[in-house]
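The values are calculated or read from the model by the stated rules, or taken from the named source; none is laboratory data. None of these values were measured; they are calculated from a predicted model. Backbone-built Cβ (ideal geometry, glycine too); neighbour counts: all protein chains shown. Heads up: the accessible areas ignore ligands, DNA and RNA and are worked out on the full protein's heavy atoms, side chains in. Shrake-Rupley method; radii C 1.70, N 1.55, O 1.52, S 1.80 Å.
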Amino acid sequence: MKPIRTFNVSPSLPPKLEPLKKLAYNIHWDWNVETKDLFRRLDNQLWESCRHNPVALLGNISQSRLAEVAEDEGFIAQMERAEEQLDLYLQERNWFRKNRQQALGEECYAYFCAEYGLTDCLPLYSGGLGVLAGDHLKSASDLGLPLIAVGLLYQEGYFSQYLNADGWQQEAYPISDFSNMPLHLERKSDGSELRVEVDYPGRTVIARVWRIDVGGVRLYLLDTNIEGNSEYDHNITDRLYGGDLDMRIHQEMMLGIGGFRALKALGYTPTVFHLNEGHSAFLVLERMRRLIEDDGLSFEEAKQMVQASQMFTTHTPVSAGFDMFNPDQTMYYVGHYADIFGLSREEFLAMGRENTGDLSSPFSMAALALRTSSFLNGVSKLHGEVSRDMFKGMWKGLPVSEVPITSITNGTHARSVVAKSTQQLYDRYLGPNWSDKGPDDPLWEKVNAIPDDELWRNHERARADMVVMVRDWLGKKLRQRGASQAELDKATEVLDPNVLTIGFARRFATYKRATLFLRDIDRIKKIIMGNPDRRLQFVIAGKAHPKDMPGKELIRQLIHIAREEGIEEYLVFVPDYDTHVARAMVSGCDIWLNTPRRPREASGTSGMKAAMNGLPNLSVLDGWWDEADYTATGWAIGQGEIYEDQHYQDEVEANALYDLLEQEILPLFYDRDANGVPRGWVQKMKNAIRLNIPQFNTARMLRDYSVYGYFPSSDRYFAMTENNYANTKAVAQWKKQVFERWYDIRIESIDVSEETDIVVNETIEVKAVLDLAGLKPDDVSVELYLGKLNSNGEIVNGTPIPMEHTGETTSAGVTYKGSLVYRASGLQGLSLRVLPKNQYMAHPHELGLILWADDK
Ligand SMILES: *Cc1c(COP(=O)(O)O)cnc(C)c1O
């Protein structure tokens with residue numbers, strides 16, 4: 001039955017309780033434990049059943065309960081305190097104000113991502129990327145950055161997981177009721193809905209815009225599920241990563257193009273665009289179109305303007321992980337931009353091709369983003385290295401170590417992931433500001449002053465809480481699928497709150513090897529059950545992508561092994577992993593396990609969450625763990641080897657894991673003093689807290705993004721826009737000229753003062769004469785390049801040394817001189833290279849041009 005009208009019914013609160021609405025609609029409550037407690041106090045059962053959604057809670061709570069609390073002075077006092085805290089929070093976020101006094105104008109950083117994991121009642125994420133983006137917004141808010149964010153509002157979001165009786169993953173797509181979520185619908189001044197339009201082949205699709213207030217940061221989400229759109233177009237914002245490649249391109253057009261238009265309609269003028277993964281890269285096209293049509297720039301100028309102020313973060317360590325569209329498909333959907341830009345089909349497609357010469361290659365969103373951004377980064381040091389190697393083909397002739405993709409290691413938002421009682425403990429011993437202090441802050445020394453037994457008792461409570469949570473959660477999920485009473489009874493007995501507990505939770509992709517620890521079943525069974533006083537148990541969670549059959553098979557195997565081996569009590573799979581389950585696990589387990597195939601884990605963040613709760617990590621050296629102090633704060637499985645033979649690798653690494661469990665981990669955990677405190681273990685916990693919280697924290701991450709990315713990009717934005725884009729035009733013109741003349745540059749002569757035999761620390765003078773083909777000496781930097789030779793006679797990991805322009809110009813060309821000293825003996829190589837130079841380039845490799853002495 002179709003309704004004749006629809007109403008948006010909002011909760012009716014007694015006037016005294018009005019502040020609850022304000023609190024509910026800013027998800028600051030998600031990381032403010034007191035506000036969360038306030039909602040829980042209203043109605044604990046309802047709070048749980050509406051998935052910790054305060055808007056739904058206020059909408060469904062009985063009027064009599066509201067009347068009751070309105071007269072409860074204790075409650076009113078707590079509510080007023082929560083309101084004060086929110087007001088104070090919004091005023092006091094001042095890292096940005098203090099550290100960015102020299103901004104050249106009003107700044108605005110626009111952050112684009114396809115998913116956001118903020119809190120469990122907003123199922124707009126699938127996993128790590130989304131949670132990272134959510135934490136990015138929370139920390140941007142904490143630091144007071146002028147950041148706004150854009151995404152899509154998925155009606156069904158990502159699926160919710162349940163297992164059938166055989167352990168096979170089933171997917172359900174609960175429909176979100178936006179009017180009962182902490183969302184605001186954006187309206188125009190006349191009260192009508194704000195709408196944006198995006199052109200698709202043969203039609204225009206409209207979207208409305210919702211807003212989530214994340215502390216002081218606004219997240220705008222587009223929603224096409226509205227009247228006026230076709231059935232197909234309704235579904236553009238239906239499911240996260242749902243549908244086929246055609247649906248994907250529809251979604252990405254809405255995110256990039258629609259998202260850009262939404263910001264315009266809302267009155268924003270971003271000074272930086274930050275693409276978090278490539279899904280939103282079509283925004284480049286729309287941004288360039290506006291610069292061309294509205295501001296009269298040429299294609300080259302528009303590209304220059306876009307690049308100067310755009311950042312791109314990649315999260316993928318394998319090239320197959322990026323979105324690619326075939327050439328015809330790309331032209332069908334966004335080919336009209338080629339006409340606007342005045343480009344031929346191949347010229348246009350080249351914007352998104354890794355290898356522009358390969359006309360059959362697909363259009364890659366990552367290549368588009370890489371080519372049009374000036375700040376590029378991976379998400380851990382190792383992933384930066386992997387990314388430089390993966391994309392080195394886009395910077396021909398450049399040594400891989402100089403490929404301009406840097407890294408900013410991911411983090412996690414401390415106040416969101418540390419258990420309440422543990423936060424309070426840190427507040428007591430470290431003071432209230434620990435959650436965003438950096439590694440150099442002296443307060444971290446105070447961690448050692450936390451009494452061992454207090455930290456330990458607190459952790460034991462967290463473990464007991466997790467056991468209760470897991471039992472309840474399992475029961476709830478089993479009831480939902482109509483499980484038998486026997487199964488329900490069993491669920492109430494899983495896990496032992498006093499046993500060493502290993503947590504493992506992540507997407508069930510095969511490269512993550514969730515079942516590696518089960519490789520030798522007899523051995524692991526012996527470790528689990530062999531000694532009744534030193535038992536071990538596993539809590540496991542994670543979803544497999546709906547189309548990933550091998551991933552689903554792993555979950556099924558796990559369930560079967562637990563049953564068939566009689567270890568169901570000690571090997572527990574928690575279905576429907578989400579931020580709520582994650583928070584319980586990362587605080588209540590004792591160790592966090594990770595066994596990916598290096599280097600497939602770009603960063604990983606759940607281990608950081610665990611470390612923030614004082615858990616040691618036990619992991620293959622991959623992602624963030626590779627750069628952590630893995631001896632002081634946990635254990636490394638292997639030493640970072642990369643194997644050809646996967647079977648052999650599994651064998652070696654499973655054995656290394658068993659050895660660590662038997663010889664180090666179990667003994668350390670169960671070695672208790674007279675008070676039952678495992679002193680050695682607690683020391684590792686303290687190390688994890690002291691070393692990993694400040695380092696792997698989104699506060700540190702956002703400071704890095706600000707200093708290395710947002711600030712300089714914003715500076716370039718202002719430099720490029722002033723005087724009606726004067727510098728943009730000049731740089732675009734300059735780049736064109738450099739391109740035209742580059743291949744005519746000649747290195748006429750190189751004079752080296754010494755012969756081939758020299759001694760360490762001897763100074764060598766080099767003089768070079770270059771024909772710059774009409775370019776000015778200031779247009780290029782000429783560099784000596786020296787380093788050890790490898791077995792192929794090539795310089796590897798060389799060091800560039802700038803040469804100086806002598807001011808001398810002869811008929812042969814322009815003279816440069818430089819000097820160098822070899823500090824080590826052995827066979828050393830010397831070369832010379834030329835790079836374009838311009839103060840407005842973010843790095844010398846923006847044009848991808850480099851000339852080496854031996855090139856001709
Ligand atoms: C933290 C988190 C992730 C990401 O964890 P990884 O270790 O990066 O795989 C995924 N899902 C949820 C619900 C999380 O909380």
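Using the alpha-carbon positions of the range 384-429, Rg (one decimal) and Dmax (whole number) come out as 19.6, 56 Å. Given R0 = 51 Å, the distance between the Cβ atoms of Arg81 and Asp190 translates into a calculated FRET efficiency of 0.85. Can you list the lysines whose alpha carbon sits under 21 Å from that of Lys767, skipping same-chain ones fewer than 8 residues off? By straight Cα distance, Lys767 reaches Lys776, Lys817, Lys837, Lys856. Annotation: extensible slack from Glu493 through Glu804 equals 104.4 nm (criterion: 0.36 nm per residue apart, minus Cα-Cα distance).
In sequence order, the range 805-813 has phi-based couplings of 6, 7, x, 8, 10, 10, 5, 6, x Hz under the Karplus curve 6.51 cos²θ - 1.76 cosθ + 1.60, θ = phi - 60°, and Gly or Pro positions carry x.
Would you list Cys50, Cys589 from the most to the least accessible area, probe 1.4 Å? Walk me through the numbers on the way to the answer.
Working: Cys50 25, Cys589 0 Å².
Result, largest first: Cys50, Cys589.
A Förster distance of 30 Å, applied to the separation of the beta-carbon atoms of Gln683 and Glu662, puts the FRET efficiency at 0.90.
So how do 161-171, 64-74, 618-628, 653-663 stack up, highest first, on mean other-Cβ count within 10 Å? Intermediate results must be reported in sequence, preceding the final value.
Details: 161-171: 15.5, 64-74: 12.4, 618-628: 25.6, 653-663: 17.6.
Per-residue Cβ counts within 10 Å, averaged per peptide and sorted highest first, yield 618-628, 653-663, 161-171, 64-74.
Overall shape: rounded for the range 561-671, with the ratio a/c of the largest to smallest alpha carbon gyration tensor axis below 1.5. Taking label positions 7 Å along the Cα-Cβ direction at both Leu245 and Asn164, the computed distance is 3.1 nm, reported to one decimal.
Per residue, the convex hull around the alpha carbon atoms of the range 16-92 comes to 79 Å³.
Over the range 178-297, what portion of Cα pair distances is larger than 23 Å, expressed as a whole percent? Walk me through the numbers before you get to the answer.
Working: 2213 of 7140 pairs.
I get 31 percent for the Cα pairs in the range 178-297 exceeding 23 Å.
Per-residue 3J(HN,Hα) values for the range 261-268, derived from phi via the Karplus relation 6.51 cos²θ - 1.76 cosθ + 1.60 with θ = phi - 60°, read 5, 4, 4, 4, 4, 7, x, 8 Hz in sequence order (x marks Gly and Pro). Normalising by residue count, the range 761-848 has a Cα convex hull of 125 Å³ per residue.
Tell me what the chain gives for mean residue ellipticity at 222 nm when only DSSP H runs of n ≥ 4 count, each as -39,500 (n - 2.57), the sum divided by the residue total, rounded to 500 deg cm²/dmol. Intermediate values should be presented prior to the final figure.
Numbers: 31 runs with 317 residues, N = 856.
Value at 222 nm, helices only: -11000 deg cm²/dmol.
If you take the square roots of the eigenvalues of the alpha-carbon gyration tensor of the range 412-493 and sort them as a ≥ b ≥ c, do you get rounded (a/c under 1.5), prolate (a/b over b/c) or oblate? Judged from the Cα gyration tensor, the range 412-493 comes out prolate (a/c at least 1.5, a/b above b/c).
Extension gain Tyr232-Arg461, at 0.36 nm per residue separation less the Cα-Cα distance, in nm?
Numbers: separation 229, 0.36 × 229 = 82.44 nm, distance 5.02 nm.
77.4 nm is the gain from fully extending Tyr232 to Arg461.
Sorted largest first, the principal axis extents computed over the alpha-carbon atoms of the range 416-696 equal 50, 47, 37 Å. Computed about the Cα centre, the dipole magnitude for the range 743-852 is approximately 280 debye when only Lys and Arg (+1) and Asp and Glu (-1) carry charge, each at its Cβ. In this structure, Asn790 and Val318 have a Cβ-Cβ separation that, at R0 = 30 Å, corresponds to a calculated FRET efficiency of about 0.70. Take 390-399, 820-829 and order them by the average number of nearby Cβ atoms within 10 Å per residue, most first; the result is 390-399, 820-829.
Extending 7 Å from Cα along the Cβ direction at Lys396 and again at Ala103 yields two label points whose distance is 4.2 nm. With the simple model of a label 7 Å out from the Cα in the direction of the Cβ, Ser825 to Leu847 spans 4.3 nm.
Per the Cauchy relation, a quarter of the hull surface: what is the mean projected area of the convex hull of the alpha carbons in the chain, in nm²?
41.0
If the limit is 31 Å between Cα atoms, which of Lys381/Lys684; Lys36/Lys543; Lys98/Lys729; Lys98/Lys446 go over it?
Numbers: Lys381/Lys684 24 Å; Lys36/Lys543 27 Å; Lys98/Lys729 34 Å; Lys98/Lys446 26 Å.
Among Lys381/Lys684; Lys36/Lys543; Lys98/Lys729; Lys98/Lys446, the Cα-Cα distance tops 31 Å for Lys98/Lys729.
Hey, what's the per residue convex hull volume over the C-alpha atoms of the range 255-378, in cubic angstrom?
101
Hey, which aspartates and glutamates would be in cross-link range of Lys609, C-alpha to C-alpha under 13 Å, not counting anything within fewer than 8 residues on its own chain? Leaving aside aspartates and glutamates fewer than 8 places away in the same chain, those within reach of Lys609 are Asp135, Asp590.
Give me the extension gain from Tyr648 to Ile521: residue separation times 0.36 nm, minus the current Cα-Cα distance, reported in nm with one decimal.
Numbers: separation 127, 0.36 × 127 = 45.72 nm, distance 1.70 nm.
Once the chain is fully extended between Tyr648 and Ile521, it gains 44.0 nm.
Close amide-amide hydrogen proximity is noted between Leu789 and Gly829, each under 5 Å apart and 5 or more residues distant or on a separate chain (H modeled in the peptide plane; Pro and chain starts excluded). Backbone N atoms of the range 99-130 closer than 19 Å to the 7 Å Cα→Cβ label point of Asp548 belong to residues 114-117, 124-130. Around the amide H of Arg218, modelled in the peptide plane, lie the amide H atoms of Ala149, all under 5 Å away and 5 or more residues distant in sequence or on another chain.
Near the amide H of Arg100, within less than 5 Å, lie no amide hydrogens of residues on another chain or at least 5 residues away, with H placed in the peptide plane.
Couplings 3J(HN,Hα) for the range 785-797, derived from phi with the Karplus relation 6.51 cos²θ - 1.76 cosθ + 1.60 (θ = phi - 60°), are 9, 9, x, 5, 9, 8, 5, 8, x, 10, 6, 10, 6 Hz, where x marks Gly and Pro.
Just to be sure I understand: of the beta bridges DSSP finds with both ends in the chain, what percent are antiparallel, rounded to 5?
On the way: 56 of 100 bridges.
Taking every DSSP beta bridge with both residues in the chain, the antiparallel ones total about 55 percent.
Note on Lys547: accessible area approximately 140 square angstrom, rounded to 10, probe 1.4 Å, nucleic acids and ligands left out.
Shown are Ser781, Ser298, whose ranking by accessible area with a 1.4 Å probe and every protein chain present, most to least, is Ser298, Ser781.
Under a 1.4 Å probe, what is the accessible area of the chain per residue, stated in Å²? Please report the intermediate quantities before stating the final value.
Working: 34300 Å² over 856 residues.
On a per-residue basis, 40 Å².
For the range 95-407, the equivalent ellipsoid derived from the alpha-carbon gyration tensor has semi-axes of 28, 24, 23 Å in decreasing order.
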